[in-house]
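Single-structure report; data block below.
The values are calculated or read from the model by the stated rules, or taken from the named source; none is laboratory data. This is a predicted model, so every value here is computed, not measured. Counting neighbours? That spans all protein chains shown, and the Cβs are built from the backbone with ideal geometry, glycine included. In case anyone asks, the SASA skips ligands and DNA or RNA and just uses the protein heavy atoms, side chains included. Shrake-Rupley method; radii C 1.70, N 1.55, O 1.52, S 1.80 Å.
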Amino acid sequence: MGGKNLSTSSILMNEPLLRKIVRATEKACGEDTRGYLSENSLETNNALPFLRGDFINENLRNSVVNEDVDLIPFNRYGWSGRILHDKINKITYTITTKRTLAAIPKKKGRSVPHYLQSILYAENGDCKAAVKQMSLNDFVDIEIVRFDSQELENDYGKIMNGQIAIDADYHHYIVAYEVEHSEVTDISLQFLDKDFDVIAQCSLNDYLRPDFARLTETEPVEDIAAEEENVHSLINVKSGIKPRLRDIEKQA
């Protein structure tokens, strides 16, 4: 890894590190999640979204952290998070779902900043997206809390706990992903300004690897035969009506 070579409108692509981050995320959402579900037969699995984050952080610890890259721990009211810290290139990373990322700047009634609000303010405050998005708040008061600079700086200090100073000239990148049926379907690297507007972004989908374990999974012959019988029964009951593919897939 070389030295920092980053403008305020471009992304430094640390390809070896990004490949490891994508793999850590992919493994957490795929084989780690499936392993947990197979070993823990519960009536409900409400903790699953949080478990994915735990698996991601564990994978980062085991396969990404080295002498140049470490994890910075922080806490939010009982929830524990991790920031990936590239010390050589002076870049920090967090990993989150695209849905969560989109919801952060829209949340009303916050008593403290979201950790990404504080990090983006402190590390990307000198950057500005070329295209600024207008929000409903530009036209009407929808009670979204706006934190002042002192609150954001103080919160950043608590998050970093002395490991990175606010004037250390860092930038922050977010790895945002979508997951469906324990499979990462889309993942990208996003460089956002303090208002969560996009300065630059890059797809990381080329780093995704086929899940050969799932591709080679086989089911007992009797189960497959039973499914085929169910499908044919469905077709016969709905004579003249072509069943939707999605409905048939749900039988599988």
Leading residue by the ranking (modelled with the highest pLDDT) among those in the stretch 99-129 that are open to solvent by 50 Å² or more (accessible area, probe 1.4 Å) and polar (S, T, N, Q) | THR100
Among residues of the stretch 11-40 being assigned to a loop (DSSP other than H, G, I, E, B) and polar (S, T, N, Q), the residue least open to solvent (accessible area, probe 1.4 Å) is ASN14
Residue match in the stretch 41-63 (condition: under 30 Å from GLN133 (Cα atoms), aliphatic (A, V, I, L, M) and either open to solvent by 60 Å² or more (accessible area, probe 1.4 Å) or in contact with a strand residue (DSSP E or B) (Cβ under 8 Å, 6 or more places away or on another chain) (or both)) = no
Give me the pairs, please: first residue somewhere in the stretch 184-197 and of a type in the set (Gly, Ala, Ser), second residue anywhere and surrounded by 16 or more Cβ atoms within 10 Å (Cβ to Cβ), beta-carbon distance under 6 Å, and either six or more positions apart or on two chains.
-> SER188/ALA176; SER188/LEU204
With respect to LEU152, is the statement that it is modelled with pLDDT of 85 or more, touching a Ser or Thr at 6+ places or on another chain (Cβ under 7 Å) and farther than 26 Å from PRO49 by Cβ true?
-> yes
Taking the stretch 77-93 and keeping only residues that are surrounded by 18 or more Cβ atoms within 10 Å (Cβ to Cβ) and either in contact with an Asp or Glu (Cβ under 6 Å, 6 or more places away or on another chain) or in contact (Cβ under 8 Å) with a residue 40 or more places away in the chain (or both), one is left with ILE83, LEU84, HIS85, ASP86, ASN89, ILE91, THR92, TYR93
Among the residues of the stretch 173-191, is there at least one that is at pLDDT 95 or above, farther than 23 Å from LEU60 by Cβ and open to solvent by less than 80 Å² (accessible area, probe 1.4 Å)?
-> no
Within the stretch 159-172, how many residues are in contact (Cβ under 8 Å) with a residue 40 or more places away in the chain and either polar (S, T, N, Q) or surrounded by fewer than 13 Cβ atoms within 10 Å (Cβ to Cβ) (or both)?
-> 4
